[in-house]
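The structure appears right after this line, and notes come after that.
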Amino acid sequence: MSHRKHVRILFVVIIPLLWLVGTLWTLAASPTPAMQANVTDGLEIAKSAWPDPVTSGQLLTYTISVYNRTDSQIDGVTITDTLPVSSSYAYAESGGELTDGQVRWSGQNLAAGEGITLTFAVTVTGFAEIDGEFVNSDYAASATDRFAPGYPVTITVLALASPTVTPTATPSSTSTPSATPTATATTPSVQPPTVTAIEPSSGPDNTAQFVTIRGSGFVATPTVFLGAVALSNVSWVNASELLALAPAGLAVGKHTVQVCNPDGGCGFLPDGYEVLDTGAVGQRIVPSQGYNDVPNDVTIYGANLKAGAQVTVGSAPLSNLTWVNSTQMRGVVPVGLAPGTYDVTVQNPGSAISHTLPAAYSALTPAGDDFFAFADDLWTSPPTIRQGDTVLLGLNVHRQGGKTTLQATVAFLQKQADGSWQELKRVLTSPIAPGPDTVEAVFVEWETTGITDTASIRAVIDPDNQIAENVEGNNAVEREIVLLPPAGDEEPPTVTALLANGGDAETTQPQVVVTLLASDTGGSTVTSMYLVEREFNPAARQWVAVQTTGWIDYQSPYTLTLTSRGGVRYIQAWVGDGAGNISEATIKTRIDYNPASDSVLAGQVRVYRRTVAAGQSLQVSVETLSGDADLYVWQPDGNRSWVSNNDGLALDEVTLLAPQSGDYQIEVFGYQTSQYRLSVVVNTQRSAGVRDVSHLSANKTPRTQPIVSPANAPEGNSALPVAPVAAMPGPVYLPLLSR
């Protein structure tokens, strides 16, 4: 085996252990370029340069970022950059072309909130003997009736070394005059590296890939770039070979390979590496349904999602799309979808590949009747199932709308080896009343003898279609359930306390400190925990799981960052022990997230809750910053409201003396799409002298019922993934001692 192969194998073996160290080293070693940004006519342009300082004769790389800061698409954007004085053009990426001393990218289409990043490079000329400043100021982004010039970017240029004097040899003493020394000017030459190849020369955009860079003059350890992205885990093999890791998420297309030695000399291979388009992957949309008369805030989960990706429900594009990371985006399903079930399609910007989730979203009408369940409504009791156990299979059955009380049949089925579904049992729900959201749980016994590893379970509401519904595509849910082998410890742990910020009623910051107390009597000790954040979705009329931590190491306190929208949050918690047993009783806590300002779309409702004792006063105000937001406060039984629905930006405020103890529900209603500030004050002292205050507009008809009952809270039973099983110590053998 060659020395080179030894190096590669060692590198691959240790790379998982050194990933974090290597990444941090790269970030620390990489230069931090100065950035200047300008926003004009809705276009934002920013620019950076590297390296700074740069040595005369060295390659200087510019990175230009352009963003659409408007709420609509901007087509035909052109980005131009005039080469600065004392430079020569090297290359441009992403289709940039040099014309008459100007690098130009034309025909760029930017969706609302979308940005693009462009890179080109020049070689610095001049400055042979004197340091100076290198200024690039003539660059801009433009479209029809839009023009955003860039701020000047100034880089320090270091001159080449000053001439040195080399004297000639001095002759020995003689009667003739000695020769006069002559000065010879020499300029040290910094030989930059060369890059001749990269192997492989292409790779997918969704997976990190190790690459080998070949050339000459590599000095340990160079910095390696694909376009403007510095590669991590660079390993010097010899002067003609480097190893590095190309990350996932690079822009699709060809990228210049650039190697820069520690002395600043750089070599490059134009368009040497091509990132191949694998397309976005959609996995699910949450919530998977909503009423069609109000906009619906949804989260799209998937893989290889990129900033600027487009999502459609049927043929309707989501609005307000926000890229969170490569696995998550947020957007709004528009008003007006016809009742029915729709495919959801995801497509990355500039990609020819789209991914479709069939029948993934259901649009409901308030006038109809609908029975449904979500994936996490299919649960087991206990949550941990051992092979051979008899357990309960349960389903939370939801109903929205309707006019009369009804019962629904639920069938539970198990998937067979041949792919068919065998019915286990059927059960009839209790009578379910009509309403905005009524939930009844049903369950059957499930005998698991003979099942090993996993089982696929399906639950179907109204399997014989006896109930007339406006949407039938949301009546079935499936789940793969993992069965653990029998264990010496099958006693579940217990959660005894759960608090957010020590029990505070409100937080103005998204970070909350979760305190979780748990115990275990089975001997395996508490080792893991699982947290779920839920908010009320007004379109789905559901407490939607907007965030889960997955199973993580048990730790208390734990800092949880809430999702971006304001409103009441319920945090649920489960714990697991080292044997994989999960706590059976769910526990939850509540806190209002009330940021400095928040937004609500037209027709939407933001829900907050405060506990008030009878005789105490509650003061609530909504300052509308834009649009028109109204204020509603409902007493705990939902049968009485206090309303302030002034027009436009007029302050809305409610003051009341609590007639009963319990949770008062505060609702901010978007009469129009609005920005607002909310203030809530509970006077814990009894205030007999307080008078009720509310404001009714003559131009509006007040709402007559809360968006959800103030007594309604997230369901206790929920589907959970299998908890991690800790490695248990084996037997300890002691030496035999004799006397």
Cα pair distances of region 494-588 binned at 5 Å [whole percent]: 3, 13, 25, 23, 17, 11, 6, 2, 1, 0
In debye, nearest 20: dipole of the chain around its Cα centre with unit charges on the Cβ of K, R (+) and D, E (-)? 860
Determine, for each peptide in 629-635, 510-516, the mean count of other beta carbons within 10 angstrom over its residues, then list the peptides with the highest first. 629-635, 510-516
At R0 = 25 Å, FRET efficiency that the Cβ-Cβ distance of R691 and R640 yields, to 0.05: 0.95
Explain nothing, just the number: relative contact order of region 270-349, from Cα pairs under 8 Å at least 6 residues apart, as a whole percent. 34
What FRET efficiency would be calculated for the residue pair A367, R104, taking the C-beta separation as r and a Förster radius of 45 Å, to the nearest 0.05? 0.20
Regarding the chain, what's the average projected area of the Cα-atom convex hull, expressed in nm²? 54.0
Simple spin-label estimate for D263/S72, 7 Å along Cα→Cβ, in nm, reads 5.7
Extension gain A613-A338, at 0.36 nm per residue separation less the Cα-Cα distance, in nm? 94.6 nm
Net charge near Q102, counting Lys/Arg +1 and Asp/Glu -1 over other residues with Cβ under 13 Å of its Cβ? -3
Go through 93-100, 137-144 and give me the packing order, highest mean Cβ count within 10 Å leading. 137-144, 93-100
If you place +1 on the Cβ of every Lys and Arg and -1 on the Cβ of every Asp and Glu, how big does the dipole about the Cα centre of region 36-158 come out, in debye to the nearest 20? 80
If you restrict to DSSP beta bridges whose two residues both lie in the chain, what percentage is antiparallel, to the nearest 5? 95
By average Cβ neighbour count within 10 Å, what is the ranking of 546-558, 223-235, 63-75 from highest down? 223-235, 63-75, 546-558
To make sure I understand, if each residue's beta carbon is the centre and we count other beta carbons within 10 Å, what order do Y91, Y593, Y151 fall in, fewest to most? Y151, Y91, Y593
Between S626 and S519, what is 0.36 nm times their sequence separation minus the Cα-Cα distance? Round to one decimal in nm. 33.6 nm
Cα-centred dipole magnitude for region 369-482, charges only on beta-carbon of K, R (+1) and D, E (-1), debye, nearest 20: 180
In percent, how large is the relative contact order of region 598-686, given Cα pairs closer than 8 Å and 6 or more residues apart? 48
Let me check against my output: what whole-number percent is the relative contact order of region 519-631, with C-alpha pairs under 8 Å and at least 6 apart? 24
FRET E, pair D453, Q511, Förster distance 35 Å, beta-carbon r, rounded to 0.05: 0.35
The set of residues whose placed amide H lies less than 5 Å from the amide H of G249, leaving out same-chain residues fewer than 5 positions away, is N206, T207
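Bear in mind these aren't lab numbers, they're just calculated from the coordinates by the rules spelled out. Just so it is clear, the structure is predicted and the values come from calculations on it, not from any experiment. Virtual Cβ from ideal backbone geometry, glycine too; neighbours counted across all protein chains shown.
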